[in-house]
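Working notes, beginning with the structure itself.
The values are calculated or read from the model by the stated rules, or taken from the named source; none is laboratory data. Since we're looking at a predicted model, the values are computed, not measured. Neighbour counts run over all protein chains shown; Cβ positions are idealised from the backbone, glycine included. In case anyone asks, the SASA skips ligands and DNA or RNA and just uses the protein heavy atoms, side chains included. Shrake-Rupley method; radii C 1.70, N 1.55, O 1.52, S 1.80 Å.
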Amino acid sequence: MNLVAFSLKTKGAANFARRLRTVFTRFGFSERRIRRSLLTATQTLQTYASAPTFFIPAVVLGRHPKLIAEIAQHGVEIGVHGYVHNDYRTLNAEQQYTQTQQALAIFNDTQTEHAGFRNPYLGWTEESLEVFRKLDFLYESNEAVLHEVVDLQKLSPTIQKGFTKSLALFQAIPCTSYNLRPHLEEALVRIPTSIPDDEITFDRLRITDPQEVGRIWSDVMQRVYEREGIYTLNYHPERGVLCNQALQKLLAFASSQPLPVWITRLGEVANWWQERLAFRLHFTPLDTGRWQVNATCTPRATLLGRHVEIEDHHTQSWYGADQRLEASDFIVRATCLPCLALSPRTPVVVEDFLHEQGYPFTPNVEESERAGYACYLDLPEGLGNSREEQRTLRSELLQKIETLEAPLLRFGYWPAGQRAALAISGDIDSVTIQDFFLRIIEVH
């Protein structure tokens, strides 16, 4: 399928026509407009001691290496956005591998550091994940989490239809605590992104008031904050100046929360997730209702407890019933051992999942001993087979654990007591008008 046919199918004729009309207003024949947009976003984030992550197709990087090197010098992280801007879902495994190798060759030739991959159109497949693992990517950011923060009933049927096409194009998944957090698949960190993004908001929903867009993005941030997740905002630099007021509103909102929000780059999120995976809590019984606890973790760890008493160490109120603990070696008092218990029938996949989520557990506990623990889990069937089933079961299990009214210790999801994370990312699909129209030839 060529690019024009693909765009008509995924955008609809009206949105495709509107897209063509905006090309000449958002791009120029030189790099000037996009440079301005890239530096505007970068300077905005510098105010918050952070920088964005921009993904770029390798052929576009090859035509504009000095521009990309310039923004990288400002702390911007650069990621791979394919070799050309085509949908990986139209490629078989061998083609995906070959094109990704071609992309990496250009990144290496231009000495552009890279750790992550985002597919054009977020069009990942199971074969894509295998390619990323084989080629040693640290992370990918493709799973699109849908936040229902726009009242679609106020919009025309034509606009609603275009929005529905977007959800299908991006393979949108529901907003749950599990879906809003990174997770590991073998050595690959998968970092979710959130929609509506700028393309949906400005072009498909036709919401163009920067204050309203900022309100929508802030509503998403509020949801993410409540669920202790990450908000990966994706936008395209050709809308950079249009988006800047909305971006400033979002950043101000995130920074005003009672607990800090980690405003960071995606590569730093992936590195943190790998670091956090090794954290463990070890319990040694002392006497009735008392345990010595030793936390194996780095100084950045956020250690939390609920419905427990910590001897001789200060705690501070954190969020809900959780208290933040400042020590890594302490004595805890509680009505039961403040960790989970797993039945002998529960498989290792559940243990791996709980480790990644930061929850301590004791394996091989008989049901007759369940009263001695915060929660007893008997999951002989594991956590599902299909990807959809796994998402559902993992989300349900986390919901059960997170709403427990029982003594429990755990590691928070983000470093240094932060409640949530915010990463500003963008896709540099084109830099000039020439790049935009060359896509038709390159994709074909």
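Tabulated data for the structure shown
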{"item": "Crossing angle, helix 13-26 versus the chain [Cα axis fit, 0-90 degrees, rounded to tens]", "result": "80"}
{"item": "The range 104-244, dipole about Cα centre (Lys/Arg Cβ +1, Asp/Glu Cβ -1), debye to the nearest 20", "result": "420"}
{"item": "Net charge dipole size for the range 226-276 [Lys, Arg +1 and Asp, Glu -1 on Cβ; Debye, nearest 20]", "result": "120"}
{"item": "Rounded tilt (10° steps) of 210-226 against the dominant C-alpha axis of the chain", "result": "20"}
{"item": "Listed peptides 264-270, 345-351 by packing density, highest first (mean Cβ within 10 Å)", "result": "264-270, 345-351"}
{"item": "Alpha-carbon centroid distance for the pair the range 151-186 / the range 367-440, whole angstrom", "result": "17"}
{"item": "Protection proxy ranking of 126-138, 185-197 - average other beta-carbon atoms within 10 Å, highest first", "result": "185-197, 126-138"}
{"item": "Simple Cβ-charge dipole of the chain, Lys/Arg +1 and Asp/Glu -1, about Cα centre, in debye nearest 20", "result": "1840"}
{"item": "Tilt relative to the chain, helix 387-402 - C-alpha long axis, 0 to 90 degrees, to 10", "result": "40"}
{"item": "Beta bridges by DSSP in the chain, antiparallel share as percent, to the nearest 5", "result": "50"}
{"item": "Probe 1.4 Å, all protein chains present, accessible-area order of H236, H74, largest first", "result": "H74, H236"}
{"item": "For the chain, built as a Gaussian network whose Cα springs stay under 10 Å, the top-fluctuating residue of D109, D427, D287", "result": "D287"}
{"item": "Helical mean residue ellipticity (222 nm; -39500 (n - 2.57) per DSSP H run of 4+; nearest 500) of the chain", "result": "-12000 deg cm²/dmol"}
{"item": "Two-site FRET efficiency, Q102 against R345, from Cβ-Cβ distance with R₀ of 51 Å, rounded to 0.05", "result": "0.60"}
{"item": "Pairwise centroid distance, computed over Cα atoms, of the range 87-145 with the range 217-256, Å", "result": "26"}
{"item": "Tensor-based shape of the range 369-441 (alpha-carbon gyration tensor, a/c under 1.5 rounded, otherwise prolate or oblate)", "result": "oblate"}
{"item": "Gain on full stretching of the segment that runs from T164 to Q43 - 0.36 nm per residue minus C-alpha separation", "result": "40.1 nm"}
{"item": "T298-E113 pseudo-label distance in nm [points 7 Å out on the Cα-to-Cβ vector]", "result": "1.5"}
{"item": "Listed residue (L266, F279, W291) projecting farthest to the positive dipole end of the range 236-315, Cβ model", "result": "L266"}
{"item": "The chain, relative contact order in percent, only Cα pairs under 8 angstrom and at least six apart counted", "result": "20"}
{"item": "Antiparallel bridges, percent of DSSP beta bridges restricted to the range 84-192 (to nearest 5)", "result": "40"}
{"item": "Given charges at Cβ of Lys, Arg, Asp, Glu: the chain dipole, positive-most of T315, Q357, G229", "result": "G229"}
{"item": "Label point distance in nm, S317-L277, each placed 7 Å from Cα along Cα→Cβ", "result": "3.7"}
{"item": "For Cα extents along the principal axes in Å, calculated from these coordinates, the label among (i) 115, 50, 38; (ii) 75, 48, 44; (iii) 120, 48, 45", "result": "(ii)"}
{"item": "Extension gain from S368 to Q171, taking 0.36 nm per residue of separation minus the Cα-Cα distance", "result": "66.5 nm"}
